[in-house]
Structures are given as structure tokens and as C-alpha cells.
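This report refers to the structure that appears directly beneath it.
The values are calculated or read from the model by the stated rules, or taken from the named source; none is laboratory data. All of these numbers come straight from a predicted model, not from anything done at the bench. Glycine gets a Cβ as well: all are built from the backbone with ideal geometry, and neighbour counts include every protein chain shown. In case anyone asks, the SASA skips ligands and DNA or RNA and just uses the protein heavy atoms, side chains included. Shrake-Rupley method; radii C 1.70, N 1.55, O 1.52, S 1.80 Å.
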Amino acid sequence: MQIITPELNEYMAALLPERDEVLQEMEEYAKQRRFPIIGPLCGTFLSQLALVIRARSIFEMGSGFGYSAYWFRKGMRDGGIVICTDGDAGNRDRALAYHGRTAFQSELHFRVGDAKEIITEYDEPFDIIFNDIDKEQYPAVPELAFPRLRAGGILITDNVLWSGRVIEEDDAKSTQGVREFNRILFGADLVLSSIIPIRDGLGLAVKLT
């Protein structure tokens, strides 16, 4: 199922300014290897969110080779920090190589391992937590993320519409995980939640207190 028609997607994409050389290389790498990334439309939105809430600390649960982190850093204040996580050391090395070519004043730390375990090592409240781990693991994320967000902080989750499979007769564990996550997210009193229907659906949950 197409969340947005290809024509509208092309129209919106054509409005975006040209990306810098590093972003273009990252997008080409993803295209050649069919590596899923959030893309420039969602990326621009992540930068906007980081800018609007004046983010200085961001934790990513599932970072791939650092594409989303790149967009976050574009919108961050100087002196901030983005903590990336991924289970593949090769993705870490590639991310550090790409990010090492930038002039961002925010720091990038990349941890290799299980994001759900790594986040438990941190107690300080983050401004933003970005969730893009395996979909069957999504239901565990709110319990881990909410206590580690500051008041006014945002939990951002990719793929919450899951190419429309959330409303289809699909019993795959990944689809069940996304559905259950959405149910938990919108049923939680701690946050105010919405779904932004761009690309594959971005879930936004703002912590109230």
C-alpha cells in the first residue's frame, strides 16, 4: 500500500534543496545495497524537530550506518551529542567515516550491540530518542524510552504504518509488533502522540511531564 502517491512524493522531494556531498553518497550507498534509510523528506523533518526543541542530547535505537544521525546533527545546537546504536560493527565504521567528513559541532558516539540493552546504561533524560530497531521488538521500546526522555522530549519512531500492513490481515511478527507498539503509544498517559504520514509513517510522542 502506498502511503503517499509517487507523484506527490516526487513533488515534495523536488522542493528540497540539494543535499551535501556526504548525504548524497550515503543515499547512493543505501540505493545500491537496498539498505533501508529514512530518506531526505523524513531526514529534513528530523532536523526540524531537533532545531525546534533545541536538542542537545539524542539517543538512536537502531542507527544503520548513521544516515538519520546525520540529519539530527544538522539541526542540533553546538556541543550536543548523538548516541548511535547498531549490531553491526561495519555500520559503525562506515558511519564514523561519513560523519568524520563533516564540520558538525555536535559529537557522535557509536555503540555496537543491542539498543535495548545499551539504553539501560543511561539515566540522564534525552531530548530525543529515535526508534528504528527490529519491528517485533517495538513493544518493548516505550517502557525503556519514556523514563529517559525529559519533559517536552520526543520519542520518534520509524515505520509505524509499515507500508499499510497495520490495517491488513497480516499476522507477521513484525506487523504485530508495530500494531502493538502503536496501541501502547497512543494509550500512554505520559505522552501526547501522533502519526506523521510521510514515507512509511513517523510516530511522534511528546513527553508531557
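One table, with the values for the structure above:
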{"read-out": "Any chance residue 137 is over 18 Å from the mean Cα position of the chain (by Cα) and open to solvent by 50 Å² or more (accessible area, probe 1.4 Å)", "value": "no"}
{"read-out": "Test: residue in region 109-126 that is open to solvent by 10 Å² or more (accessible area, probe 1.4 Å), over 20 Å from residue 193 (Cβ atoms) and touching a residue at least 60 places away in the same chain (Cβ under 8 Å)", "value": "yes"}
{"read-out": "Cross-chain or 6+ apart pairs with Cβ under 6 Å, region 43-68 first and more than 26 Å from residue 89 (Cα to Cα), then surrounded by fewer than 24 Cβ atoms within 10 Å (Cβ to Cβ) and of a type outside the set (Ser, Thr, Tyr)", "value": "50/75; 51/75; 53/127; 54/77; 55/127"}
{"read-out": "Residues that are under 17 Å from residue 100 (Cβ atoms) and not β-branched (Val, Ile, Thr), drawn from region 7-31", "value": "20, 21, 23, 24, 25, 26, 29"}
{"read-out": "Looking only at region 179-209, and only at residues there that are part of a helix (DSSP H, G or I) and open to solvent by 40 Å² or more (accessible area, probe 1.4 Å), the one that is nearest to residue 5 (Cα to Cα)", "value": "179"}
{"read-out": "Condition check for residue 164: open to solvent by less than 20 Å² (accessible area, probe 1.4 Å), of a type outside the set (Phe, Trp, Tyr), under 23 Å from residue 8 (Cα atoms) and in a helix (DSSP H, G or I)", "value": "yes"}
{"read-out": "Pairs where the first residue, in region 171-184, is closer than 11 Å to residue 160 by Cβ and the second is of a type in the set (A, V, I, L, M, F, W, C) and open to solvent by less than 10 Å² (accessible area, probe 1.4 Å), C-beta under 8 Å, 6+ apart", "value": "178/160; 181/141; 181/160; 182/160"}
{"read-out": "Any hit, region 16-38, residues being under 13 Å from the mean Cα position of the chain (by Cα), under 20 Å from residue 147 (Cα atoms) and not in a helix (DSSP H, G or I)", "value": "no"}
{"read-out": "For residue 176: the one exception among (1) out of contact with any Leu (no Cβ under 9 Å at 6 or more places or on another chain); (2) open to solvent by 50 Å² or more (accessible area, probe 1.4 Å); (3) closer than 20 Å to residue 37 by Cβ", "value": "(3)"}
{"read-out": "Count - residues of region 27-46 that are crowded, with 18+ Cβ neighbours inside 10 Å and of a type in the set (S, T, N, Q)", "value": "1"}
{"read-out": "Among (1) more than 17 Å from residue 70 (Cβ to Cβ); (2) in contact (Cβ under 8 Å) with a residue 60 or more places away in the chain; (3) open to solvent by 60 Å² or more (accessible area, probe 1.4 Å), the one test that residue 101 misses", "value": "(1)"}
{"read-out": "Pair list, Cβ under 6 Å, 6 or more apart: region 15-26 residue on the phi < 0 side of the Ramachandran plot and open to solvent by 40 Å² or more (accessible area, probe 1.4 Å), other residue aliphatic (A, V, I, L, M) and assigned to a loop (DSSP other than H, G, I, E, B)", "value": "none"}
